[in-house]
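This report concerns only the one structure given below.
The values are calculated or read from the model by the stated rules, or taken from the named source; none is laboratory data. Small disclaimer: the values here were computed from a predicted structure and weren't measured. All Cβ positions, glycine included, derive from the backbone under ideal geometry; neighbour counts span all protein chains shown.
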Amino acid sequence: MASPPSEDAHANPVPAEMRAEILQELVEIASTVANAQIEGFTERLSDALLRVSQACVDRTEAKLHLDAANLLKQNRYPFFFVMSSRLAAALQQEVQALENTTEAHRAPAVAPSTLPPDMEIDKKLCLIKAGRSIESEHSERLAALNTRLARLLGREQLNNAHNPFRPHVFLSVIHDAWCEFQPDRSVHHLVFPLLQPKLSFDMAPILHAINAALIKRGIVPTLAQSSQPEAAEPIKAPTQAEPVEEDALTQQLRRLFPPEEPVVAKSSSRPLDDAFPVLFQEEAVHAAAARNELLDYLSSLQQAESETRFPVAGAEPPNLATLDEMKRRMPHGMLSPTDEHTFELVAKVFDVLFENKNIPAEMKELISMLQVPALKAALINKDFFFKESFPARRSIELLARISVGWDATKGSSDPLYLLVQRSVQRILQEADHRISVFADVAGSLEAFINREETATAQTLSNEISHALQQEKLQQAAKAARHEVALRIGTGEVVAFVETFLEDKWVPVLTVAYTVKEEKPEAVDSAIKTMDDLCWSVKPKITMAERKELLAKLPPMLAMLNKWLDLIKWDEAERTRFFAELARCHASIVRAPLELSPERQMQIALQVAKRAAERRLMRQARQKPEPQPDEFDEQVAALQRGTWVEFRRPNNVAMKVKLAWVSPMRSLYLFSTRDRQEALSMSAEELAQSLRTQRARILSVAGLINGALTAALGIDAAGNDDAQSAA
């Protein structure tokens, strides 16, 4: 889809240096939002491969899909890094190509094909089809992005085919990442047929984040002015351009605030209808007059409140009226039923804010001064209730969010307190004559949060690097334990080898998985050596099997010693293990050969019985995996920027902000606001701290959404228990 021509496409062109900076920022934003989805995508892809394997008639294809599914499940961490690095490189390449004006200079953002020619054609057709389906689903967002990128580049228009953030790029990255992650070309064809819109990346948050970043930069902030259709076509209402998910809350809000029909003069061929235009004009005049009277009255209340002394940290707070008190003092009949609902809901929003124990009282006093400006914004535009991105609503959410991090002991001279104070003062001074001040304030607050997060990440760079290595080691050990468990879980491995694998081969496999990125053959070598060892201690009934054993023993023992040298196992225990292994091999080779079929069956049954007994014993000894509880779920849902209060051993509270979460969400890094102290915890430790009340999440996320949900009587599950108030 081509972006609509922009009338001012060449007006005030963006300087080349700034253009490059903005494009680089967009690449980082898209990569960050997409990276947050990689773990979920990996699980979906693994499940899809498993389903295909179960449905396959061909055993070979079924095994290929099953192995691929297990590979992804056991190696999510390495796959994450392959995907993220591939995506960053592809987007960077696409952005560089975008800056070239000639088509000849466009370079492909995909790797050379590793598929046969016929499969390569199938892949291209499959990705094109899936890409177009996703483009159709997100056509509005893509059209908006095309318009803004065209303006950024000073061009008349931009097509989807040239948009560096088009869905096809992300789909191609998935296929290329799989091919790099799994070097075996025989399985490169497994993934691309599965890349349907529901399996792939969710493009909505990616496109939204990129559009929002361009809007902050002033690149076509209002689409209605730059992408307006021709006069013959009706202009779409904002709710049509940006569909809202019809959940229980939205449905209830729509009952209170149904879409308003535009008041326009109607024309008809009937003579009696000539009076209609006058009637509609009079209704419009009366409605506008009533609305202006209400807004003027609220402005007078705001003026009276602003004459009250501005709150200062540590001082006696001013006696500011709440919206409920203002409503009781208003002249009877001034509010329409719709205005009544607006008053009640905005009042509920501030009631919830005042009741939130995580926001310091001094900050509540500052934010409370925005009651009237927020109410006026909601009266003018009901998107306040429907859209979390609505500037007035976003400003209040951000002020509440950053207020949690304020330390009351630092007083009103603290930069954070001054930022909130300046933001409130700016809205009070400018909101009456410039409603866009809310967007400006929200942008300033988001920029402050981004600067803080960047500074924290830089300060904690060493801790983050250490945590990444720690998580990499944890994931490697987890994969190693899984591989060993698959072999010894059957009960067929003799006891001393089973103990050896658990105690010594898990560390060997951990090392192999740790260096897999640099030496991908290491894991295969370590697993093959383990499999050879397990096979070598099983009974060999035929002469051919024994000859094969004698042939395999020297290279197998050499590889065993090579890997054991790597983990530095040089104790007497190693000597005892190899002596017992030699006795086991000798007994296998010396066992009687000429066995009757009945005796062979007896031996096989005895082996199977012992294996079953050992398997049952192992299962009885194993502790069941703990089931996730509400505290594990809270930890899994934590986002960067969330404040958490920990109780130290001396019972002194320490307030820290979640500064970084590892890719696999197994490690969490916290930092104090001044970045003087850092705290690292595993997901299990953090959940346990919450469980034992040694930690408390100071969350204000979704404050307004929660207030509206409570006000309308909607339960947490999203079920609408309230009757229509309209």
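Listed here are the residues, each with its yes/no results for (1) outside the structural domain of Ile215 (by TED's automatic domain parsing); (2) within 13 Å of Leu323 (Cα to Cα); (3) touching a Ser or Thr at 6+ places or on another chain (Cβ under 8 Å).
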residue: Ile359; (1), (2), (3): yes, no, yes
residue: Leu375; (1), (2), (3): yes, yes, yes
residue: Ile396; (1), (2), (3): yes, no, no
residue: Ala408; (1), (2), (3): yes, no, no
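Look through the range 683-696, keep the residues that are surrounded by fewer than 18 Cβ atoms within 10 Å (Cβ to Cβ) and in contact with a strand residue (DSSP E or B) (Cβ under 6 Å, 6 or more places away or on another chain), and return whichever of them is farthest from Ala636 (Cα to Cα).
Of the range 683-696, the ones surrounded by fewer than 18 Cβ atoms within 10 Å (Cβ to Cβ) are 684-685, 688, 691-694, 696.
Next, from what is left, pick out any that are in contact with a strand residue (DSSP E or B) (Cβ under 6 Å, 6 or more places away or on another chain): 694, 696.
Numbers: Arg694: 18, Arg696: 15 Å.
Step by step, filter the range 683-696, then rank; the result is Arg694.
Looking at Lys364, Lys327, Lys266, which is the one that is in contact with a Phe, Trp or Tyr (Cβ under 6 Å, 6 or more places away or on another chain) and modelled with pLDDT under 50?
Numbers: Lys364 fails: modelled with pLDDT under 50; Lys327 fails: modelled with pLDDT under 50.
Only one candidate passes the filter, namely Lys266.
Among the residues of the range 89-121, what is the count of those that are in contact with a helix residue (DSSP H, G or I) (Cβ under 8 Å, 6 or more places away or on another chain), modelled with pLDDT of 65 or more, outside any loop (DSSP other than H, G, I, E, B) and farther than 19 Å from Ile206 by Cα?
Residues meeting the conditions: 2.
Taking Leu416, is it in contact (Cβ under 8 Å) with a residue 24 or more places away in the chain and under 27 Å from the mean Cα position of the chain (by Cα)? Spell out the reasoning first.
On the way: in contact (Cβ under 8 Å) with a residue 24 or more places away in the chain: yes; under 27 Å from the mean Cα position of the chain (by Cα): no.
When the stated conditions are applied, Leu416 does not pass them.
Name the residues in the range 370-388 that are in a loop (DSSP other than H, G, I, E, B) and modelled with pLDDT of 90 or more, would you?
Within the range 370-388, the first condition is being in a loop (DSSP other than H, G, I, E, B), and the residues that meet it are 370, 381-382, 387-388.
Within the range 370-388, Leu370 is the sole residue that qualifies.
If I filter the range 385-398 down to residues being under 19 Å from Arg434 (Cα atoms) and surrounded by fewer than 24 Cβ atoms within 10 Å (Cβ to Cβ), which single residue comes out as nearest to the chain's Cα centre (by Cα)?
This residue is Ser389.
Inspect all residues belonging to the range 201-220 and state whether any of them is among the aromatic types (Phe, Trp, Tyr), part of a helix (DSSP H, G or I) and buried (at least 16 other Cβ atoms within 10 Å of the Cβ). Write out each step before concluding.
Step one: list which residues in the range 201-220 are among the aromatic types (Phe, Trp, Tyr), which gives 201.
Restricting the remaining residues to those that are part of a helix (DSSP H, G or I) gives none.
Checked the range 201-220: no residue is among the aromatic types (Phe, Trp, Tyr), part of a helix (DSSP H, G or I) and buried (at least 16 other Cβ atoms within 10 Å of the Cβ).
Hey, any hits in the range 586-603 for a residue that's assigned to a helix (DSSP H, G or I), in the same structural domain as Val484 (by TED's automatic domain parsing) and modelled with pLDDT of 90 or more?
Yes, the range 586-603 contains at least one residue that is assigned to a helix (DSSP H, G or I), in the same structural domain as Val484 (by TED's automatic domain parsing) and modelled with pLDDT of 90 or more.
Could you identify the single residue in Ala248, Ala237 that is modelled with pLDDT under 50 and not assigned by TED's automatic domain parsing to the domain that holds Leu152? I'd like the intermediate steps shown before the answer.
Numbers: Ala248 fails: modelled with pLDDT under 50.
The unique qualifying residue is Ala237.
Which residue, of Ile567, Ile541, is more than 17 Å from Ala591 (Cα to Cα) and among the β-branched types (Val, Ile, Thr)? Step through it out loud before you land on a result.
Values: Ile541 fails: more than 17 Å from Ala591 (Cα to Cα).
Sole residue among the options that is more than 17 Å from Ala591 (Cα to Cα) and among the β-branched types (Val, Ile, Thr): Ile567.
Any chance you could count how many residues in the range 638-670 are surrounded by fewer than 16 Cβ atoms within 10 Å (Cβ to Cβ) and part of a strand (DSSP E or B)?
Residues meeting the conditions: 4.
Being within 21 Å of Ala582 (Cβ to Cβ), outside the structural domain of Asn75 (by TED's automatic domain parsing) and assigned to a loop (DSSP other than H, G, I, E, B) is the requirement here; does Lys538 meet it? I'd like the intermediate steps shown before the answer.
Details: within 21 Å of Ala582 (Cβ to Cβ): yes; outside the structural domain of Asn75 (by TED's automatic domain parsing): yes; assigned to a loop (DSSP other than H, G, I, E, B): yes.
Against the criterion (within 21 Å of Ala582 (Cβ to Cβ), outside the structural domain of Asn75 (by TED's automatic domain parsing) and assigned to a loop (DSSP other than H, G, I, E, B)), Lys538 qualifies.
Can you tell me which residue is nearest to Ala36 (Cα to Cα) among those in the range 622-637 that are in a loop (DSSP other than H, G, I, E, B) and modelled with pLDDT of 75 or more? Break it down into steps so the answer makes sense when it comes.
To start, the set of residues in the range 622-637 that are in a loop (DSSP other than H, G, I, E, B) comprises 622-629.
With modelled with pLDDT of 75 or more added as a condition, the list becomes 627-629.
Details: Gln627: 24, Pro628: 21, Asp629: 23 Å.
Restricting to residues being in a loop (DSSP other than H, G, I, E, B) and modelled with pLDDT of 75 or more, the top hit is Pro628.
Among the residues of the range 389-401, are any in contact with a helix residue (DSSP H, G or I) (Cβ under 7 Å, 6 or more places away or on another chain) and β-branched (Val, Ile, Thr)?
Residues of the range 389-401 that are in contact with a helix residue (DSSP H, G or I) (Cβ under 7 Å, 6 or more places away or on another chain), as a first pass: 390-400.
If we keep only those that are β-branched (Val, Ile, Thr) too, we end up with 396.
Taking every residue of the range 389-401 in turn, at least one turns out to be in contact with a helix residue (DSSP H, G or I) (Cβ under 7 Å, 6 or more places away or on another chain) and β-branched (Val, Ile, Thr).
Of the residues Leu708, Leu690, which is within 21 Å of Glu340 (Cα to Cα), modelled with pLDDT of 75 or more, part of a helix (DSSP H, G or I) and touching a Lys or Arg at 6+ places or on another chain (Cβ under 9 Å)?
Working: Leu690 fails: within 21 Å of Glu340 (Cα to Cα).
Testing whether each residue is within 21 Å of Glu340 (Cα to Cα), modelled with pLDDT of 75 or more, part of a helix (DSSP H, G or I) and touching a Lys or Arg at 6+ places or on another chain (Cβ under 9 Å) leaves just Leu708.
Of the residues that make up the range 62-78, is at least one within 22 Å of Pro197 (Cα to Cα) and among the hydroxyl-bearing types (Ser, Thr, Tyr)?
Initially, the range 62-78 is screened for residues within 22 Å of Pro197 (Cα to Cα), giving 65, 68-69, 72-73, 76.
Filter once more, keeping what is among the hydroxyl-bearing types (Ser, Thr, Tyr): none.
There is no residue in the range 62-78 that is within 22 Å of Pro197 (Cα to Cα) and among the hydroxyl-bearing types (Ser, Thr, Tyr).
Looking for whichever is surrounded by fewer than 16 Cβ atoms within 10 Å (Cβ to Cβ) and either out of contact with any strand residue (DSSP E or B) (no Cβ under 8 Å at 6 or more places or on another chain) or of a type outside the set (Phe, Trp, Tyr) (or both) here; the options are Ala476, Ala455, Ala480, Ala467. Which one fits?
Values: Ala476 fails: surrounded by fewer than 16 Cβ atoms within 10 Å (Cβ to Cβ); Ala480 fails: surrounded by fewer than 16 Cβ atoms within 10 Å (Cβ to Cβ); Ala467 fails: surrounded by fewer than 16 Cβ atoms within 10 Å (Cβ to Cβ).
On inspection, the qualifying residue turns out to be Ala455.
Hey, can you tell me all the residues within the range 172-188 that are of a type in the set (Ser, Thr, Tyr) and over 25 Å from Ile134 (Cβ atoms)?
Ser186
Quick one: how many residues across the range 38-69 are under 15 Å from Gln475 (Cβ atoms) and out of contact with any Leu (no Cβ under 6 Å at 6 or more places or on another chain)?
Total satisfying the criteria: 3.
Which of the following residues is surrounded by 19 or more Cβ atoms within 10 Å (Cβ to Cβ) and in a helix (DSSP H, G or I): Ala36, Ala69? Break it down into steps so the answer makes sense when it comes.
Details: Ala36 fails: surrounded by 19 or more Cβ atoms within 10 Å (Cβ to Cβ).
The conditions single out Ala69.
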